Amino acid sequence: MKITNVEAFPVWGGARNFFFVVVDTDEGISGVGEAGITGRELASAAVVEHFKPILIGQDPTRIEHLWQVMFRGGFFPAGRIAAGVISAIDIALWDIRGKALGVPIYDLLGGLVRDRVVCYPHNVGHAMDVEALVDSCLASKEEGWKFVRWGLPQDGEILEPTTSIRAALRQMEAVRKAVGDDVEICFDVHTRLDPADAIQLCRAAEQYRPFFMEDPVRSENQSTLRLIRQHTSVPIAAGEQFGNKWEFRELIENDLIDYARIDLCIVGGITEARKIAGWCETHYIKLALHNPLGPVSSAACLQLNLATSNFGVQEQPRRTGTVLTDVVPVQPEWKDGYLLPPTRPGLGIEFDRDAARKHPFQMRELPHLRRLDGSFTNW
């Protein structure tokens with residue numbers, strides 16, 4: 001079997017773009033993957049064109065070898081955008097391998113270690129309002145979700161730490177009271193705070209028993225999480241912005257996190273993520289895969305989680321089968337807050353290229369925030 005083509009599909013999903021890659025072979029078996037660098041889809045498409053000449057004619061079953069060639073072949077180690085494209089191609093190669101052998105990817109990873117994968121949705125986002133958030137969380141509980149999740153609130157385009165922290169604590173108190181003790185709370189700081197503010201928020205949040213506090217500080221200086229760790233007992237989740245296993249090294253080896261927010265569509269695909277997962281297992285760190293993306297990402301995350309023992313929860317912004325249903329007409333099954341194991345080979349989904357072409361890319365920049373004094377701050 002040989003690779004005959006690699007094609008990028010930037011797809012407008014109605015509110016944002018998604019980026020898919022399809023790999024074709026001379027035996028008529030194709031695989032699909034998804035890249036996770038939102039807002040830089042045109043750059044990702046250019047990387048696909050650079051990778052084409054080194055992939056066409058290669059054996060798609062040599063997944064590890066092709067990963068090494070893509071990551072190291074440009075002399076400079078792949079950065080975030082290139083790593084995202086490697087992720088998409090890697091996932092597509094695993095999809096091809098599963099289809100060629102007639103088995104789901106989780107069979108290739110050692111088989112099922114669980115019967116279903118618990119997920120958490122996105123509730124409202126980063127709004128200041130308390131009532132709307134509570135209504136959203138109660139609706140999620142009624143639908144069968146076992147978790148709720150939202151992020152550090154902002155006031156329009158303004159994010160002032162003191163104001164946001166007060167609002168976040170009001171929200172946590174109201175949500176915990178509304179949903180009760182049996183629904184888990186995930187809270188995403190979204191790298192928006194400096195250490196002193198993050199410590200204040202995390203310590204005050206302890207009484208509401210969050211499942212984890214995600215990305216309490218910026219990700220560039222990983223050792224900063226050591227300071228957070230020293231001052232709070234809440235579980236910490238981080239890692240969604242990392243593009244390879246080396247960037248996870250400090251967090252894992254120094255036990256600075258409780259949940260690894262590996263993004264399969266940024267970190268290097270299934271090949272790299274399973275290496276990080278094994279490393280995490282030796283430190284009793286569980287997976288909470290970052291998945292704010294589309295149905296291909298959801299399917300890939302599900303396959304890894306089904307075959308990985310140190311699993312915590314999967315991010316699932318919305319129920320499967322509710323977005324891009326024409327582009328991905330077969331998606332994983334969701335039931336009562338869980339994703340169920342697919343029985344179809346590979347990723348267990350279908351990708352319609354003609355439908356994808358009917359949703360062409362639209363230029364859209366991610367939101368930008370500022371402090372009261374006008375200075376730029378993380379979104």
## Note on the structure
When the chain is treated as a Gaussian network with springs between alpha carbons less than 10 Å apart, the largest mean-square fluctuation among Arg16, Arg72, Arg319 is found at Arg72
### Message
Checking the a/c ratio against 1.5 first, then a/b against b/c, what shape does the Cα gyration tensor give for the chain?
### Response
prolate
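For a test of the definition: using alpha carbon positions, the gyration tensor, and the 1.5 limit on a/c, classify segment 21-64 as rounded, prolate or oblate. Show your work: numbers first, answer last.
Working: a/c = 2.31, a/b = 1.79, b/c = 1.29.
In terms of gyration-tensor shape, prolate.
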#### Entry: Cα gyration tensor shape for segment 3-103, rounded if a/c is under 1.5, else prolate or oblate
oblate
### Query
Counting alpha carbon pairs within less than 8 Å and at least 6 residues apart, what relative contact order, in whole percent, applies to segment 107-343?
21
### Projected label distance in nm at Leu112 and Arg209, using a 7 Å step from Cα toward the beta-carbon
3.0
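Quick check on the exposure proxy: order Met70, Met128 from fewest to most C-beta atoms within 10 angstrom. Kindly include the intermediate steps, with their values, before the conclusion.
Numbers: Met70 24, Met128 18.
Starting with the residue having the fewest Cβ neighbours, the order is Met128, Met70.
Between Glu250 and Leu42, what length comes free when the chain is fully extended (0.36 nm per residue of separation minus the Cα-Cα distance, one decimal in nm)? Could you put the intermediate results ahead of the total?
Values: separation 208, 0.36 × 208 = 74.88 nm, distance 3.18 nm.
Net length gain for the segment: 71.7 nm.
Taken together, the values in this text are just the output of simple stated rules run on the coordinates, not laboratory data. Not measured: the values here are computed from a predicted model. When we count neighbours, we look across all protein chains shown, and the Cβ atoms used for this are built from the backbone with ideal geometry, even at glycine.
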